[in-house]
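The values are calculated or read from the model by the stated rules, or taken from the named source; none is laboratory data. Computed from a predicted structure; not experimentally measured. For neighbour counting, all protein chains shown are included, and Cβ atoms are generated from backbone atoms with ideal geometry for every residue, glycine included. These accessible areas exclude ligands, DNA and RNA; they are computed on the full protein's heavy atoms, side chains included. Shrake-Rupley method; radii C 1.70, N 1.55, O 1.52, S 1.80 Å.
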Amino acid sequence: AMNDLLDRLSANVQAQRRFVADAAHQLKTPLAGLRTQAELALRDASPEEMQSSLRQLVTGSERATRLVNQLLLLARAENPSAIGLTRTDINAIAYEQTMHWVPLALSLNTDLGFEGADTPVEINGNPLLLAELLNNLVDNALRYTPRGGHITVRVLQADGQGILEVEDSGPGIAPDERERVFDRFYRVLGTTSDGSGLGLAIVREITQKHQANVEIGDHPTEHSDLPGTRIRVVFPLYTPPPDTLDS
Ligand SMILES: Nc1ncnc2c1ncn2[C@@H]1O[C@H](COP(=O)(O)OP(=O)(O)O)[C@@H](O)[C@H]1O
Ligand SMILES: [Mg+2]
(Lines give C-alpha, C1' and ligand atoms only; values in the text may rest on other atoms or scores of the structure.)
(Ligands and ions follow the chains in the order given, each with its own letter.)
Protein backbone atom coordinates (compact mmCIF):
# COMPACT_ATOMS: atom_id res chain seq x y z
CA ALA A 1 0.00 0.00 0.00
CA MET A 2 2.88 2.31 0.84
CA ASN A 3 4.42 1.60 -2.57
CA ASP A 4 1.13 2.35 -4.26
CA LEU A 5 0.98 5.66 -2.48
CA LEU A 6 4.54 6.55 -3.45
CA ASP A 7 3.87 5.54 -7.06
CA ARG A 8 0.85 7.78 -7.14
CA LEU A 9 2.72 10.68 -5.55
CA SER A 10 5.54 10.37 -8.04
CA ALA A 11 3.08 10.20 -10.95
CA ASN A 12 1.53 13.37 -9.55
CA VAL A 13 4.85 15.17 -9.34
CA GLN A 14 5.64 14.15 -12.91
CA ALA A 15 2.26 15.37 -14.10
CA GLN A 16 2.85 18.70 -12.33
CA ARG A 17 6.28 19.06 -13.93
CA ARG A 18 4.88 18.35 -17.35
CA PHE A 19 2.12 20.88 -16.74
CA VAL A 20 4.54 23.62 -15.70
CA ALA A 21 6.74 22.90 -18.73
CA ASP A 22 3.74 22.96 -21.07
CA ALA A 23 2.42 26.14 -19.48
CA ALA A 24 5.76 27.92 -19.81
CA HIS A 25 5.96 26.87 -23.44
CA GLN A 26 2.44 28.11 -24.11
CA LEU A 27 3.21 31.49 -22.58
CA LYS A 28 6.33 32.02 -24.67
CA THR A 29 4.38 32.50 -27.89
CA PRO A 30 2.05 35.28 -26.75
CA LEU A 31 4.90 37.00 -24.91
CA ALA A 32 7.06 36.95 -28.03
CA GLY A 33 4.07 38.35 -29.92
CA LEU A 34 3.70 41.22 -27.46
CA ARG A 35 7.33 42.08 -27.79
CA THR A 36 7.17 42.13 -31.58
CA GLN A 37 4.08 44.34 -31.51
CA ALA A 38 5.75 46.76 -29.11
CA GLU A 39 8.86 46.94 -31.31
CA LEU A 40 6.71 47.62 -34.36
CA ALA A 41 4.83 50.35 -32.51
CA LEU A 42 8.12 52.04 -31.64
CA ARG A 43 9.08 52.03 -35.30
CA ASP A 44 5.78 53.43 -36.57
CA ALA A 45 6.15 56.85 -38.12
CA SER A 46 2.65 58.28 -37.88
CA PRO A 47 0.37 58.53 -34.84
CA GLU A 48 -2.28 56.55 -36.77
CA GLU A 49 0.05 53.63 -37.37
CA MET A 50 1.12 53.73 -33.79
CA GLN A 51 -2.52 53.70 -32.65
CA SER A 52 -3.19 50.57 -34.65
CA SER A 53 -0.06 48.81 -33.38
CA LEU A 54 -0.92 49.70 -29.82
CA ARG A 55 -4.43 48.37 -30.26
CA GLN A 56 -2.96 45.05 -31.35
CA LEU A 57 -0.71 45.15 -28.33
CA VAL A 58 -3.75 45.55 -26.08
CA THR A 59 -5.57 42.62 -27.75
CA GLY A 60 -2.44 40.52 -27.43
CA SER A 61 -2.04 41.24 -23.76
CA GLU A 62 -5.72 40.45 -23.16
CA ARG A 63 -5.15 37.08 -24.79
CA ALA A 64 -2.09 36.42 -22.64
CA THR A 65 -4.05 37.37 -19.52
CA ARG A 66 -6.82 34.96 -20.44
CA LEU A 67 -4.27 32.19 -20.88
CA VAL A 68 -2.73 32.87 -17.49
CA ASN A 69 -6.16 32.91 -15.87
CA GLN A 70 -7.02 29.58 -17.46
CA LEU A 71 -3.75 28.06 -16.31
CA LEU A 72 -4.39 29.25 -12.77
CA LEU A 73 -7.90 27.93 -12.83
CA LEU A 74 -6.69 24.55 -14.00
CA ALA A 75 -4.07 24.40 -11.29
CA ARG A 76 -6.66 25.37 -8.69
CA ALA A 77 -9.28 22.91 -9.93
CA GLU A 78 -6.65 20.19 -9.70
CA ASN A 79 -6.08 20.74 -6.01
CA PRO A 80 -8.82 18.74 -4.28
CA SER A 81 -8.56 20.54 -0.94
CA ALA A 82 -9.15 23.91 -2.58
CA ILE A 83 -12.70 23.24 -3.68
CA GLY A 84 -15.70 22.99 -1.49
CA LEU A 85 -18.93 21.50 -2.75
CA THR A 86 -22.22 22.90 -1.51
CA ARG A 87 -25.88 22.57 -2.47
CA THR A 88 -25.95 24.36 -5.82
CA ASP A 89 -28.71 25.02 -8.35
CA ILE A 90 -27.20 24.52 -11.83
CA ASN A 91 -30.37 25.89 -13.42
CA ALA A 92 -29.76 29.31 -11.83
CA ILE A 93 -26.02 29.29 -12.63
CA ALA A 94 -26.59 28.32 -16.25
CA TYR A 95 -29.23 31.04 -16.72
CA GLU A 96 -27.09 33.73 -15.15
CA GLN A 97 -23.95 32.84 -17.08
CA THR A 98 -25.79 32.47 -20.39
CA MET A 99 -27.15 36.00 -20.00
CA HIS A 100 -23.57 37.35 -19.85
CA TRP A 101 -22.97 36.04 -23.37
CA VAL A 102 -26.07 37.58 -24.97
CA PRO A 103 -24.41 40.84 -26.13
CA LEU A 104 -21.58 38.94 -27.85
CA ALA A 105 -24.05 36.52 -29.44
CA LEU A 106 -26.12 39.45 -30.73
CA SER A 107 -23.05 41.05 -32.24
CA LEU A 108 -22.34 37.77 -34.07
CA ASN A 109 -25.95 37.54 -35.20
CA THR A 110 -26.07 34.18 -33.44
CA ASP A 111 -29.23 32.96 -31.72
CA LEU A 112 -28.28 32.08 -28.15
CA GLY A 113 -31.15 30.46 -26.26
CA PHE A 114 -31.65 29.15 -22.75
CA GLU A 115 -33.99 26.26 -21.99
CA GLY A 116 -34.12 25.88 -18.26
CA ALA A 117 -35.81 23.38 -15.99
CA ASP A 118 -39.06 24.44 -14.28
CA THR A 119 -37.62 23.82 -10.84
CA PRO A 120 -34.13 24.19 -9.35
CA VAL A 121 -31.74 21.39 -10.31
CA GLU A 122 -29.59 20.90 -7.26
CA ILE A 123 -26.24 19.16 -7.19
CA ASN A 124 -23.23 19.03 -4.88
CA GLY A 125 -21.32 21.74 -6.62
CA ASN A 126 -18.87 24.58 -6.55
CA PRO A 127 -20.66 27.60 -8.08
CA LEU A 128 -17.49 29.32 -9.33
CA LEU A 129 -16.14 26.23 -11.03
CA LEU A 130 -19.53 25.39 -12.52
CA ALA A 131 -19.79 28.90 -13.97
CA GLU A 132 -16.32 28.45 -15.44
CA LEU A 133 -17.29 25.09 -16.93
CA LEU A 134 -20.34 26.54 -18.64
CA ASN A 135 -18.47 29.61 -19.83
CA ASN A 136 -15.86 27.45 -21.53
CA LEU A 137 -18.58 25.51 -23.36
CA VAL A 138 -20.45 28.63 -24.47
CA ASP A 139 -17.19 30.33 -25.43
CA ASN A 140 -16.40 27.39 -27.72
CA ALA A 141 -19.90 27.28 -29.18
CA LEU A 142 -19.73 30.99 -30.03
CA ARG A 143 -16.15 30.77 -31.23
CA TYR A 144 -16.52 27.80 -33.56
CA THR A 145 -20.07 28.24 -34.86
CA PRO A 146 -20.17 30.48 -37.93
CA ARG A 147 -21.98 33.79 -37.53
CA GLY A 148 -25.74 33.52 -37.63
CA GLY A 149 -25.70 30.11 -35.94
CA HIS A 150 -27.93 28.64 -33.26
CA ILE A 151 -26.76 27.83 -29.76
CA THR A 152 -28.86 26.44 -26.92
CA VAL A 153 -27.94 26.06 -23.27
CA ARG A 154 -30.23 23.55 -21.56
CA VAL A 155 -30.67 22.34 -18.01
CA LEU A 156 -32.90 19.44 -17.04
CA GLN A 157 -33.40 16.87 -14.39
CA ALA A 158 -33.97 13.27 -15.46
CA ASP A 159 -33.43 9.81 -14.02
CA GLY A 160 -32.11 11.20 -10.77
CA GLN A 161 -29.46 13.25 -12.54
CA GLY A 162 -28.84 16.90 -13.28
CA ILE A 163 -28.05 17.50 -16.94
CA LEU A 164 -26.39 20.49 -18.55
CA GLU A 165 -26.17 20.70 -22.33
CA VAL A 166 -24.69 23.16 -24.77
CA GLU A 167 -25.67 22.65 -28.40
CA ASP A 168 -24.51 24.51 -31.45
CA SER A 169 -25.09 24.43 -35.19
CA GLY A 170 -21.38 24.60 -35.96
CA PRO A 171 -18.80 22.32 -37.64
CA GLY A 172 -18.94 19.60 -34.99
CA ILE A 173 -16.14 17.60 -33.42
CA ALA A 174 -15.27 14.45 -35.37
CA PRO A 175 -15.77 11.17 -33.45
CA ASP A 176 -12.06 10.35 -33.48
CA GLU A 177 -11.26 13.74 -31.90
CA ARG A 178 -13.79 13.52 -29.09
CA GLU A 179 -11.42 12.06 -26.57
CA ARG A 180 -8.37 14.14 -27.48
CA VAL A 181 -10.07 17.56 -27.40
CA PHE A 182 -10.12 17.16 -23.61
CA ASP A 183 -6.31 16.99 -23.49
CA ARG A 184 -4.49 20.08 -22.33
CA PHE A 185 -3.30 22.31 -25.16
CA TYR A 186 -4.89 20.06 -27.79
CA ARG A 187 -6.65 21.81 -30.65
CA VAL A 188 -8.17 20.17 -33.72
CA LEU A 189 -5.93 20.59 -36.75
CA GLY A 190 -7.03 23.52 -38.86
CA THR A 191 -8.77 25.32 -36.00
CA THR A 192 -8.40 28.97 -36.95
CA SER A 193 -9.87 31.00 -34.10
CA ASP A 194 -7.20 31.65 -31.53
CA GLY A 195 -7.16 29.76 -28.28
CA SER A 196 -4.98 27.80 -25.91
CA GLY A 197 -6.51 24.34 -26.06
CA LEU A 198 -7.22 24.54 -22.33
CA GLY A 199 -10.97 25.14 -22.34
CA LEU A 200 -12.13 21.53 -22.52
CA ALA A 201 -9.29 20.35 -20.26
CA ILE A 202 -10.75 22.70 -17.65
CA VAL A 203 -14.24 21.37 -18.37
CA ARG A 204 -13.08 17.81 -17.80
CA GLU A 205 -11.20 18.69 -14.63
CA ILE A 206 -14.27 20.42 -13.21
CA THR A 207 -16.64 17.58 -14.15
CA GLN A 208 -14.33 15.11 -12.41
CA LYS A 209 -14.40 17.25 -9.27
CA HIS A 210 -18.18 16.91 -9.34
CA GLN A 211 -18.30 13.16 -10.03
CA ALA A 212 -19.95 14.13 -13.28
CA ASN A 213 -19.55 12.80 -16.82
CA VAL A 214 -19.07 14.78 -19.98
CA GLU A 215 -19.73 13.52 -23.47
CA ILE A 216 -19.59 15.00 -26.95
CA GLY A 217 -22.17 14.21 -29.62
CA ASP A 218 -23.48 15.50 -32.93
CA HIS A 219 -26.30 17.97 -33.12
CA PRO A 220 -27.71 18.21 -36.63
CA THR A 221 -30.34 20.94 -37.03
CA GLU A 222 -32.57 22.35 -39.73
CA HIS A 223 -30.64 25.61 -39.36
CA SER A 224 -27.46 24.35 -40.93
CA ASP A 225 -25.83 21.64 -43.08
CA LEU A 226 -23.03 21.34 -40.53
CA PRO A 227 -22.97 18.38 -38.12
CA GLY A 228 -23.28 20.56 -35.01
CA THR A 229 -22.04 19.76 -31.53
CA ARG A 230 -23.81 18.78 -28.35
CA ILE A 231 -21.83 18.65 -25.16
CA ARG A 232 -23.65 17.05 -22.25
CA VAL A 233 -22.55 17.07 -18.64
CA VAL A 234 -24.38 14.68 -16.30
CA PHE A 235 -24.20 15.33 -12.55
CA PRO A 236 -25.42 13.25 -9.63
CA LEU A 237 -28.19 15.18 -7.85
CA TYR A 238 -27.66 16.76 -4.45
CA THR A 239 -27.88 14.45 -1.47
CA PRO A 240 -27.64 15.85 2.06
CA PRO A 241 -24.52 14.77 3.93
CA PRO A 242 -25.39 11.99 6.43
CA ASP A 243 -24.46 14.01 9.55
CA THR A 244 -27.15 16.65 8.96
CA LEU A 245 -29.86 13.96 9.17
CA ASP A 246 -29.47 13.25 12.85
CA SER A 247 -30.31 16.54 14.54
N1 LIG B 1 -18.38 23.72 -30.07
C2 LIG B 1 -17.35 23.31 -30.82
N3 LIG B 1 -17.48 23.12 -32.16
C4 LIG B 1 -16.44 22.71 -32.91
N5 LIG B 1 -15.21 22.44 -32.44
C6 LIG B 1 -15.00 22.61 -31.12
C7 LIG B 1 -16.05 23.04 -30.24
N8 LIG B 1 -15.54 23.09 -28.98
C9 LIG B 1 -14.25 22.73 -29.07
N10 LIG B 1 -13.91 22.43 -30.35
C11 LIG B 1 -12.59 21.95 -30.82
O12 LIG B 1 -11.89 21.44 -29.70
C13 LIG B 1 -10.64 22.11 -29.55
C14 LIG B 1 -10.30 22.23 -28.08
O15 LIG B 1 -11.18 23.15 -27.43
P16 LIG B 1 -10.66 23.94 -26.16
O17 LIG B 1 -10.06 22.95 -25.22
O18 LIG B 1 -11.77 24.79 -25.65
O19 LIG B 1 -9.47 24.83 -26.69
P20 LIG B 1 -9.48 26.16 -27.61
O21 LIG B 1 -10.90 26.62 -27.73
O22 LIG B 1 -8.62 27.12 -26.84
O23 LIG B 1 -8.88 25.73 -28.90
C24 LIG B 1 -10.81 23.43 -30.26
O25 LIG B 1 -9.57 23.93 -30.73
C26 LIG B 1 -11.74 23.07 -31.40
O27 LIG B 1 -10.99 22.53 -32.47
MG1 LIG C 1 -12.05 26.88 -26.03
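What relative contact order, as a whole-number percentage, does the chain give when Cα pairs under 8 Å and 6 or more residues apart are counted?
Relative CO of the chain lands at 17 percent.
Where in the chain lies the longest segment free of GluC sites (Glu not before Pro) that are both loop residues by DSSP (not H, G, I, E, B) and have at most 14 other Cβ atoms within 10 Å?
Numbers: sites that count: E179, E222.
Here the longest run is 1-178.
More than 16 angstrom separation, counting every C-alpha pair in the stretch 196-242; what % is that?
When all Cα pairs of the stretch 196-242 are counted, 55 percent exceed 16 Å.
Take the stretch 1-143, compute every pairwise Cα distance, and split them into 10 Å bins from 0; I just need the percent in each bin.
The percentages, shortest bin first, are 9, 23, 27, 24, 12, 4, 0.
Using the heavy atoms of the protein chains alone and a 1.4 angstrom probe, what is the accessible area of the chain per residue in square angstrom?
Per residue, the chain has 59 Å² of solvent-accessible surface.
For helix 2-43, what angle does its Cα long axis make with the longest principal axis of the chain, in degrees from 0 to 90 and rounded to 10?
Helix 2-43 sits roughly 30 degrees off the main axis of the chain.
Considering only the other residues whose Cβ falls under 15 Å of the Cβ of R87, what net charge follows from Lys and Arg at +1 and Asp and Glu at -1?
For residues surrounding R87, the net value is -3.
Work out how far the C-alpha atoms of the stretch 2-81 reach from end to end along every principal axis, then list the three figures in whole Å, largest first.
Its Cα atoms span 68, 20, 9 Å along the three principal axes.
Is the shape of the stretch 170-221 rounded, prolate or oblate, going by the alpha carbon gyration tensor and its root eigenvalues a ≥ b ≥ c, with a/c under 1.5 for rounded and a/b larger than b/c for prolate?
It is oblate, given that a/c is not under 1.5 and a/b is not larger than b/c.
Of A64, A77, A158, which has the largest mean-square fluctuation in a 10 Å C-alpha GNM of the chain?
Top of the fluctuation ranking is A158.
What is the distance, in nm, between label points placed 7 Å from the Cα along the Cα-to-Cβ direction at Q161 and at E177?
Here the modelled spin labels are 2.5 nm apart.
When a/c reaches 1.5 or more, the comparison of a/b and b/c decides; with that in mind, is the chain rounded, prolate or oblate per its Cα gyration tensor?
It comes out oblate by the Cα gyration axes.
Helix 199-209 against the longest principal axis of the chain: what's the angle in degrees, Cα atoms only, rounded to the nearest 10?
20
Which value, in Å² and to the nearest 10, is the accessible area of Y95 when all protein chains are kept and the probe is 1.4 Å?
Y95 has an accessible surface of roughly 120 Å² with all protein chains in place.
Which angle between 0 and 90 degrees, to the nearest 10, do you get for helix 127-144 versus the longest principal axis of the chain when only C-alpha atoms count?
The two axes meet at around 50 degrees.
Give the carbon-plus-sulfur fraction of the accessible surface of the stretch 85-242 in %, rounded to a whole number; probe 1.4 Å, heavy atoms of protein chains only.
Solvent-exposed carbon and sulfur of the stretch 85-242 make up 51 percent of the total.
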